[in-house]
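Undergrad: Shown below is the structure under consideration.
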Protein chains: 2
Amino acid sequence: MGHRYTVLSGGIGGAKLVLGFSAVVTGDELTVIANTGDDFEHFGLTISPDLDTLMYTLAGEVNPETGWGRRGETWQFMDALEALGGETWFRLGDRDLATHVERTHRRAQGQTLTDITAALCERFGVGARILPMADQAVRTRVKTDRGMLDFQHYFVRDRAVPRVLALEYAGAAAAMPTAAALDAFQSADLDAVVIAPSNPYLSIDPILAIPALRDAIRGAAAPVLAVSPIVSGAAIKGPTAKIMSELGLEVSALSVARHYRDLLDGFILDTADRDMAGQIENLGLKVAVCDTIMKSMEDKVRLAKAVIEFARSIK
Amino acid sequence: MGHRYTVLSGGIGGAKLVLGFSAVVTGDELTVIANTGDDFEHFGLTISPDLDTLMYTLAGEVNPETGWGRRGETWQFMDALEALGGETWFRLGDRDLATHVERTHRRAQGQTLTDITAALCERFGVGARILPMADQAVRTRVKTDRGMLDFQHYFVRDRAVPRVLALEYAGAAAAMPTAAALDAFQSADLDAVVIAPSNPYLSIDPILAIPALRDAIRGAAAPVLAVSPIVSGAAIKGPTAKIMSELGLEVSALSVARHYRDLLDGFILDTADRDMAGQIENLGLKVAVCDTIMKSMEDKVRLAKAVIEFARSIK
């Protein structure tokens, strides 16, 4: 089978829906286009947080308490580094570190991020295709009231405290999608393209900022759907609501629908926001209403099934 | 006080004598010129095995079972890397890794190896001055029956099994000693320069291959002494005897005395080799005979005291 479901995703929040999909479709039916705008170089290592979160989640290897990092992780390296006065704001677990070292080593040998991700996923026993949005570097930068910040400085070091004035995705305009990523939108088997309930500005927009990828999504041979990351005027997790309000946007599912409008065929709204369905339909989109908050594995599977059902109804 | 004892040393064997010295003289009286010919780049990290062994040993932080690496070390990183199919022939413990990451990070910021070593030693509470033989890279390469090998490939990966045909110290001829290293031989307070019982070919010759350093040792304001690493025709540890025989040399303390002859004022011979004293005196050297095998801390202190006593008798 080829690609049937292609999901655009960032880290923790998007990975939940991806995990739900992985339980209801076979590995080779599922493709994830992962945000790499959060990638950065730290201690000479190339770190790809969203790729790793997706990989660890699908491998059953993710730390269930945090949603990132590895299960049963130890912190000997970090503790020793702290004793040496090293930089410890980005927490690198002993086992997680092996992923970064192996990725960096393979990159130095000339392998692409796409190939490295495939090799690591195979080692971790991940059946789904996890594809970086590009092999070339795209780096999210955050213009804030404290100046221009690299994404991880803004997000992890400064805990998303600075006020966001604007976002830029350096390198995106010049980045070329990989053949694998383009194929994920052009496959004749495609049933849906799904924008996961990730942060639209930090996790999805870096993907959409690559012109040829945006075009491929627009030209996809199947409905393009988005699951709202905003429920009842708040984000499930993370600074999505804070950023929206700093950018002068109404914090609502409707705002998100407007944001993706030119790409979408349908929008999945939480039951709590059902009153908004009419306004979103007025944007020219089909709307599905269901419970979108994913706490248990059952929640994830239920939402994945609802998205699949919605796609079928549109197709 | 300035430099009183300047010890040339490699890793494990030399570190034992250095530890003995550290127990009988104050930190600022003791300077160690460390071999960096074993340094290498691995996974993008700059690793300095002999500097680390000396630092860990003097900090009481060394793994007492191996003589290298850190006490109470864990191996989560290495196990995770192995699971990913990474290179595991060079064993990097979780806590040890912090030293390499911090060193590499500081180098990337433009700090010299001398300054970085001083900063790390301060963090580890090491009182003695540990100085890399040079800030510029010098790399030991081993010409073998299996071709030319980088030192760590020969020594660790291939377990010193290949037959040694010749050694070279790439970069040594062009390397300039640091001001700190030169000072360690020119200080008016100097009581002795001591060549530790390290491997002469792998650990000491890289130091001596730097022309200005060799000249500084020859011009030192105090007696230059060497402790034999060969006792009863065998090396205490490591491949010294194997290499000597592969290089066509007689495996004896006398061979080592001949090897260092033009630099030395005195030679310390093990009690077991006392018969050789006359032959070594015939080379024009003073000879001291004592127990040189260092198992306990008492052995190390006793040998350091014997070396100091011998230096006084010559001066």
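Read-outs: derived from the displayed coordinates by stated rules, not from any lab. Being a predicted model, the structure only gives us computed values, none of them experimental. Positions of Cβ are backbone-derived with ideal geometry, glycine not excepted, and every protein chain shown enters the neighbour counts.
Undergrad: At 7 Å along the Cα-to-beta-carbon direction for both residue A:137 and residue B:275, put a label point, then send me their distance in nm to one decimal.
TA: Using points 7 Å along Cα→Cβ, the separation is 6.6 nm.
Undergrad: Between the stretch A:85-151 and the stretch B:212-268, how far is it from one alpha carbon centroid to the other, in angstrom?
TA: 49 Å
Undergrad: Separate question: Of all the C-alpha pairs in chain B, what % are more than 25 Å from each other? Write down the numbers at each step before the final one.
TA: On the way: 23133 of 49455 pairs.
When every Cα pair of chain B is considered, 47 percent fall beyond 25 Å.
Undergrad: Rounded to the nearest 0.05, what FRET efficiency is calculated for residue A:189 and residue A:79 with R0 set to 41 Å and r the Cβ-Cβ distance? Could the numbers behind the result be given before it?
TA: Values: r = 49 Å, r/R0 = 1.19.
Efficiency at R0 = 41 Å is approximately 0.25.
Undergrad: Now, a different point. Are any of the pairs A:242/A:295; A:237/A:315; B:143/B:286; B:242/B:305 more than 24 Å apart by Cα-Cα distance, and if so, which? Present the calculation step by step, with values, prior to reporting the outcome.
TA: Numbers: A:242/A:295 22 Å; A:237/A:315 31 Å; B:143/B:286 34 Å; B:242/B:305 30 Å.
Flagged as over cut-off: A:237/A:315; B:143/B:286; B:242/B:305.
Undergrad: If neighbour count is taken as other Cβ atoms inside 10 Å, put B:21, B:185 in order from fewest to most. Provide the component values of the computation, followed by the final result.
TA: Values: B:21 28, B:185 23.
The fewest-first ordering by Cβ neighbours comes to B:185, B:21.
Undergrad: First measure r as the distance between the Cβ atoms of residue B:165 and residue A:89, then evaluate 1/(1 + (r/R0)^6) with R0 = 51 Å and state the FRET efficiency to the nearest 0.05.
TA: 0.55
Undergrad: Can I ask one more? Connecting C-alpha atoms closer than 10 Å in a GNM of chain B, tell me which of B:67, B:147, B:27 has the biggest fluctuation.
TA: B:147
Undergrad: Give me the dipole magnitude in Debye, nearest 20, for the stretch A:5-314 about the Cα centre, with unit charges on the beta carbon: positive for Lys and Arg, negative for Asp and Glu.
TA: Numbers: 30 positive and 40 negative charges, 61 e Å.
Approximately 300 debye in magnitude.
Undergrad: Build a GNM of chain B with springs between Cα atoms under 10 Å: which of B:90, B:124, B:267 gets the top mean-square fluctuation?
TA: Judging by the Gaussian network model, the answer is B:90.
Undergrad: Amide H of residue A:42 versus every other amide H placed in the peptide plane: which residues, excluding those fewer than 5 positions away on the same chain, fall under 5 Å?
TA: So residue A:42 has HN proximity to A:47.
Undergrad: With both bridge residues required to lie in chain B, what share of the DSSP beta bridges run antiparallel, to the nearest 5%? Please list the in-between numbers first.
TA: On the way: 16 of 40 bridges.
The answer is about 40 percent antiparallel.
Undergrad: For the protein assembly as shown, state the semi-axes of the equivalent ellipsoid (square roots of 5 times the eigenvalues of the alpha-carbon gyration tensor), sorted largest first and rounded to whole angstrom. Walk me through the numbers before you get to the answer.
TA: Numbers: eigenvalues 812, 103, 71 Å².
Computed over the protein assembly as shown, the values are 64, 23, 19 Å.
Undergrad: For residue A:144, enumerate residues with amide H under 5 Å from its amide H, sequence gap 5+ or separate chain, H modeled in the peptide plane.
TA: A:149, A:165
Undergrad: Where Lys and Arg each count +1 and Asp and Glu each count -1, what net charge lies around residue B:39 among other residues with Cβ under 13 Å from its Cβ? Kindly include the intermediate steps, with their values, before the conclusion.
TA: Working: positive: B:103, B:107, B:139, B:141; negative: B:38, B:41, B:50, B:52, B:135, B:150.
Charge balance near residue B:39 sits at -2.
Undergrad: For the charge dipole of the stretch A:5-314, defined by +1 on Lys and Arg C-beta atoms and -1 on Asp and Glu C-beta atoms about the Cα centroid, which residue among A:222, A:235, A:84 has the Cα displaced farthest towards the positive pole?
TA: A:235
Undergrad: Only loop residues by DSSP count here, and only those with at most 16 other Cβ atoms within 10 Å; note down the GluC sites (Glu not before Pro) in the stretch A:206-315 that meet that. Could the numbers behind the result be given before it?
TA: On the way: sites: A:246, A:250, A:281, A:298, A:309; in loops: A:250.
Listed in order of number, the matching sites are A:250.
Undergrad: Can you tell me which of B:22, B:245, B:48 moves the most in a GNM of chain B? Springs connect C-alpha atoms under 10 Å apart.
TA: B:245
Undergrad: Further question on the same structure: Starting from the Kirkwood Rh over alpha-carbon pairs, what translational D in µm² s⁻¹ does the stretch A:159-211 have by Stokes-Einstein at 37 °C and 0.692 mPa s? Can you show the working numbers first?
TA: Details: Rh = 13.3 Å.
The Stokes-Einstein estimate is 246 µm²/s.
Undergrad: For a footprinting-style exposure proxy, rank A:121, B:290 by other Cβ within 10 Å, fewest first. Please list the in-between numbers first.
TA: Working: A:121 21, B:290 17.
Placing the least packed residue first, the sequence is B:290, A:121.
Undergrad: So how strong a dipole does the stretch A:184-315 carry about its Cα centre when Lys and Arg Cβ are +1 and Asp and Glu Cβ are -1, to the nearest 20 debye?
TA: That gives the stretch A:184-315 a dipole magnitude of about 120 debye.
Undergrad: Shape verdict for the stretch A:203-311, please, from the Cα gyration tensor: rounded (a/c under 1.5), prolate (a/b greater than b/c) or oblate.
TA: Details: a/c = 1.36, a/b = 1.08, b/c = 1.25.
It is rounded, given that a/c, with a ≥ b ≥ c, falls under 1.5.
Undergrad: Return the long-range amide H neighbours of residue A:32 (sequence gap of 5 or more, or a different chain), with a cut-off of under 5 Å between placed amide H atoms.
TA: A:7, A:129, A:130, A:131
Undergrad: Okay, next question. Take the alpha carbon gyration tensor of the stretch A:59-114, find the square roots of its eigenvalues, order them as a ≥ b ≥ c, and report rounded if a/c is under 1.5; if not, report prolate when a/b exceeds b/c, else oblate. Display every interim value, and only then the final one.
TA: Numbers: a/c = 2.62, a/b = 1.21, b/c = 2.16.
Judged from the Cα gyration tensor, the stretch A:59-114 comes out oblate (a/c at least 1.5, b/c at or above a/b).
Undergrad: Can you list the copy-to-copy distances for residue A:271, using a point 7 angstrom from Cα toward Cβ, in nanometres, shortest first?
TA: Once sorted, the set of distances for residue A:271 reads 8.7 nm.
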